Structures are given as structure tokens and as C-alpha cells.
Amino acid sequence: MSDDTITREYPGEQLIVEWRQGLCAHSGNCVRSNPRVFNPRRSPWIQTEQATDDEIRASVSQCPSGALRVRERTDAS
Ligand code: SF4
């Protein structure tokens, strides 16, 4: 399995958060940015319903490694 494999996907309203465990540098930026959405002591550790899509995008942009990425949902209205 390459590092670039998507470990899991977390759908939000208009977006999907992609998580690549193999790329995570454990910087904690995501948790510091929004601990309601990103909490590794909880399952699932990413809960997109805890914030708006814009807030999620802002947090994902803090990820230094590319472990977190966002793509647009094509099935959302
Ligand atoms: S910000 Fe990215 S690299 Fe840092 S802990 Fe979160 S997912 Fe991992």
C-alpha cells in the first residue's frame, strides 16, 4: 500500500474529507485548528457535522503533509 492511498473518506455537506494515514506527520495542526471536527481519541476521529464546510476547508489547509485533502461531492445538491 502506498502512502498516497486514501485510508478513509468523511463526507460533509458539499465536500468529502480524504484521510491518508500513511502521509500523516502527526503535527496536530488539524486538531488545534478545530478539535470538534478532528479528535484522534474519538471514533470516527473526523466528524464533519461538527463544522461548516468552510471551517473544514480552513482546517484541512493547515495540514502540512497532504494527509488531509478535500474534494467536492458530485452527488450533493
Ligand atoms: S494536520 Fe495533517 S499531518 Fe498533522 S496531524 Fe492532522 S492529518 Fe496529520
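The values are calculated or read from the model by the stated rules, or taken from the named source; none is laboratory data. The shown structure was predicted, so the numbers you read here are calculated from the model rather than taken from an experiment. For neighbour counting, all protein chains shown are included, and Cβ atoms are generated from backbone atoms with ideal geometry for every residue, glycine included.
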Original post:
Does any residue in the stretch 49-69 that is among the basic types (Lys, Arg) come within less than 7 Å, Cβ to Cβ, of a residue that is loosely packed, with under 15 Cβ neighbours inside 10 Å and assigned to a helix (DSSP H, G or I) six or more places away or on a different chain, and which pairs are these?
Top reply: none
Original post:
Using beta carbons and a limit of 7 Å, which pairs, at least six apart or on different chains, have the first residue in the stretch 1-14 and at pLDDT 95 or above and the second one loosely packed, with under 12 Cβ neighbours inside 10 Å?
Top reply: Tyr10/Pro44; Gln14/Glu72
Original post:
How many residues, within the stretch 14-24, are within 13 Å of the chain's Cα centre (by Cα) and farther than 14 Å from Ser65 by Cβ?
Top reply: 3
Subject >> Residues that are closer than 19 Å to Ile6 by Cα, within 10 Å of the ligand (Cβ to nearest atom) and small (Gly, Ala, Ser), drawn from the stretch 30-60 >> reply: Ser59
**OP:** Hey, could you check the stretch 4-29 for residues that are in a loop (DSSP other than H, G, I, E, B) and more than 13 Å from the ligand (Cβ to nearest atom) and say which is surrounded by the most Cβ atoms within 10 Å (Cβ to Cβ)?
**Re:** Gly12
Subject >> Residue pairs meeting the criteria (Cβ under 8 Å; at least 6 apart or on separate chains; first more than 19 Å from Arg41 (Cβ to Cβ), in the stretch 15-31; second of a type in the set (S, T, N, Q)) >> reply: Leu15/Thr48; Arg20/Thr5; Arg20/Thr7; Gly22/Ser2; Gly22/Thr5; Gly22/Thr7; Leu23/Ser65
Subject >> Unique match (being part of a loop (DSSP other than H, G, I, E, B), basic (Lys, Arg) and either exposed (fewer than 15 other Cβ atoms within 10 Å of the Cβ) or within 9 Å of the chain's Cα centre (by Cα) (or both)) among Arg36, Arg69, Arg57, Arg32 >> reply: Arg36
Original post:
Filter the stretch 39-54 for residues that are among the charged types (D, E, K, R) and under 26 Å from Thr74 (Cβ atoms); which is surrounded by the most Cβ atoms within 10 Å (Cβ to Cβ)?
Top reply: Asp53
